[in-house]
1. Per the Cauchy relation, a quarter of the hull surface: what is the mean projected area of the convex hull of the alpha carbons in segment A:355-431, in nm²?
2. When each copy gets a label point 7 Å from Cα toward the beta-carbon at A:E180, what are the spacings between them in nm, shortest first?
3. Set the Förster distance to 25 Å, then compute FRET efficiency between B:R345 and B:S129 from the Cβ-Cβ distance, nearest 0.05.
4. Test of understanding: ordering B:H212, A:H390, A:H329 by Cβ neighbours within 10 Å, fewest first, what list do you get?
5. Nearest 20 debye, what's the magnitude of the dipole of segment A:355-431 about its Cα centre given +1 on Lys and Arg Cβ and -1 on Asp and Glu Cβ?
6. Counting only Cα atoms, I'd like the Rg/Rh figure for chain A, Kirkwood definition for Rh.
7. Holding the Cα-Cα limit at 30 Å, pick out from B:K42/B:K213; A:K213/B:K113; A:K148/B:K42; A:K42/B:K148; A:K31/A:K255; B:K56/B:K113 the pairs that are longer than that.
8. Given H placed 1.01 Å from N in the peptide plane, which residues other than close sequence neighbours of B:L46 have an amide H under 5 Å from its amide H?
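Derivation of every value follows stated rules applied to the coordinates shown; laboratory data play no part. Note that the structure is a prediction, hence the values are computed from the model and not measured. Ideal geometry is used to build each Cβ from the backbone, glycine not excepted, and the neighbour counts take in all protein chains shown.
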Protein chains: 2
Amino acid sequence: MPGNKDLQGTLRIGLAGLGTVGRGVVRILQKNQNLLQARAGKRIELVAVSARSRNKDRGLELERYSWVDDPVELATRPDIDIYVELIGGEGGVALASVAAAISHGKHVVTANKALLAVHGQMLAEAAESKCVGLRFEAAVAGGIPVVKALGESLAGNRITRVVGVLNGTCNYILTQMEREDASYSKVFSEAQGLGYLEADPTLDVGGIDASHKLALLASIAYGTQVDFAGVDIQGIERISLRDIEQTRDMGYRVKLLCVTRQSEDGLEQRTQPCLVPCNSPIGMIEGAMNIIVLEGDSVGQVSLQGSGAGEGPTSSAVMGDIVDIARGHVVSTFGQPASSLVSARPVRSAVPVPYYLRLSLVDRPGAFAEIALALASAEVSIDRIRQYSHEGEAAPVIIVTHETTRTRLDGALDEIRKSSVCLDEPVFIRIEEI
Amino acid sequence: MPGNKDLQGTLRIGLAGLGTVGRGVVRILQKNQNLLQARAGKRIELVAVSARSRNKDRGLELERYSWVDDPVELATRPDIDIYVELIGGEGGVALASVAAAISHGKHVVTANKALLAVHGQMLAEAAESKCVGLRFEAAVAGGIPVVKALGESLAGNRITRVVGVLNGTCNYILTQMEREDASYSKVFSEAQGLGYLEADPTLDVGGIDASHKLALLASIAYGTQVDFAGVDIQGIERISLRDIEQTRDMGYRVKLLCVTRQSEDGLEQRTQPCLVPCNSPIGMIEGAMNIIVLEGDSVGQVSLQGSGAGEGPTSSAVMGDIVDIARGHVVSTFGQPASSLVSARPVRSAVPVPYYLRLSLVDRPGAFAEIALALASAEVSIDRIRQYSHEGEAAPVIIVTHETTRTRLDGALDEIRKSSVCLDEPVFIRIEEI
């Protein structure tokens, strides 16, 4: 490939974006220079950098690198072989500079999940036509090598499911609610105070960020074009402390799960709060950690966990991609030629699963019978029931159903809403067997 | 590289060994043919096979492949590009055929940990001089992609520690002892009856198999030549049910841990029963599962878990290596050129850690005081003490020490052995903070 010609002795990097991750990459390049050279078989040299403000003190020695104000100019410099985009954002200068780098025959490494979730197919095709790499390990789950594991290590497998906790902030909030017996809004405010949330918090708690990552993994898993628009997204905003406590009593934990699975009907991509067994690897993941379970027809389940964000882990992932390119290892962006990826046909989950229901019933004889009939008429059968002591008028009832389809569940919920005994909108949470 | 010339349209495989893993590889090649072609960008075709007995019914359609009785002949056939060695054993025909394949310019994929633990450096140098790949993901922890994660994804990190549970049989035995309240010898016999143990069980319970894997990981982690002889090995044969119960009471689980770490003094490689916190990812790994925690200066801790053995997982790992080679991705066997690997300088652990001690004391006034003095004179300080109700003459006492060096601990043990109050040989188990 043309790019490789430049790679004989030294791999020359242009890096745009000197935020947390960018600084981390510069630090690794400075402190582990010899180690990198031994492993990559050539020198890996940072040549030029770009960031919004040149004069900001970043606690880094940057004088030895060329400074370029415009990332597009940086990305197209003749003296770089690889452009590292750590600016962020789905469009704007991130998109412009990545596209420019590719069209100038530079390899690209990025941590930008939004960019690839939206423009991934177009950029992957461009990279392919120029025979350059476009790699993004750092965009999904920080330091956890899931892109490589899925696209390379598990390449012999038909992937049956990918399940992940991919947003550390949401997992932090859910974990803190349980630990501190605190409401969603209280923990949300604390997390905001600690700077854990994006400027637009719905990116985190609304499930957008996790869904960007899910869309990238689904493409690799199933050979489909990235389809962020096809992700069924529900955030954690409606999870109450009561749900957390009562599901825990029944052996479950609430997690914002990203799930993708392919059936004959099409591609299912869901980001939604789900219940998982407390003692499963996903159930036990705490705080800002991420976990991904990869499930394949040969390998069974492999799970990977670690820090999903932060300077060290994310810059470690960026460096892994850089070393790959230095070694001449350029896998297609989504694991197979971009031109061979097929359009995803989004489907809502058709797999029958158990559900958790929380109802608030009028406290009078026959109330529960009415609910039981509503479920029976929709052919939803009950696995477990718990009734808690009263709170004023309402008798809180928890039901865990047997496996049922979403269509049947919706039918049962309609019946329940129509009944005269249900006081509030029913809460339901999918139970993901894992 | 020369090997790559043959790889334009089809990658042609010769496979030797049709045991569990070999059959799994054939099944994947048959059922996932199209998927593999899409991902690898070329056809991956099994051309010829070899195994001890041609007429054995393996439940596989093998007629379409050439049959070759002699693996060395198979490995050197002009019509194969890659030789897959699934025979096993550290020498003999496995070694002869791998060496022959390399010298004929064939890539090699193997699941043979013993072979590489003993002859890895020689074979890696040979592969390098012939510009062919010698890959072994399946040799370590079955379907868990730890070789790739360590050698590629974490290539930007100075590795600070690798800790793993790498022998599923030992973990099964320890888990069953706890679950069933059963003695080591009882569970050992059951495991043998179930066919879980190697023909020579000391390979498993004596820690040899796990140490082969550890030696391979240590080489990748630290750029040292594989040094199996330098692994400090202790098996699980001396672990009693009492140790399991009493350490659990204190919040620990016994695991056969493989640990490698490098200091200025040299390379530490240990396989030994250790205590880990019950609620840590390693503490929670049950049955025949494997787990590896990779620790790097940037990434922090990443842990990978899954099935460490069996047809599906191990053949998945073999296929991952084959697809890599089909894609033209040939990383040095141990992550950097074999000629640049340095000799390992084995050291015993110099890191101070806490220890668990189980003593059996004479039941008389002043007995414990004598032990306390013995510890104090060796400068080992006590963190926690538990004394259990008597069993005949002896008073069982459990001590957890503060962090101390192995030298000080040995001094304390000598003092304890010399004392008049200790009835049995003291049992001590290292506590690994993870």
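1. Mean shadow area of the hull around the Cα atoms is 4.5 nm².
2. From this label point to the equivalent ones elsewhere in the assembly: 4.6 nm.
3. The calculated FRET efficiency here is 0.45.
4. The most exposed by this proxy come first: A:H390, A:H329, B:H212.
5. 160
6. With Rg and the Kirkwood Rh in hand, the quotient comes to 1.04.
7. Checking Cα-Cα distances, B:K42/B:K213; A:K213/B:K113; A:K31/A:K255 exceed 30 Å.
8. Sorted by chain and number, the residues that satisfy this are B:I13.
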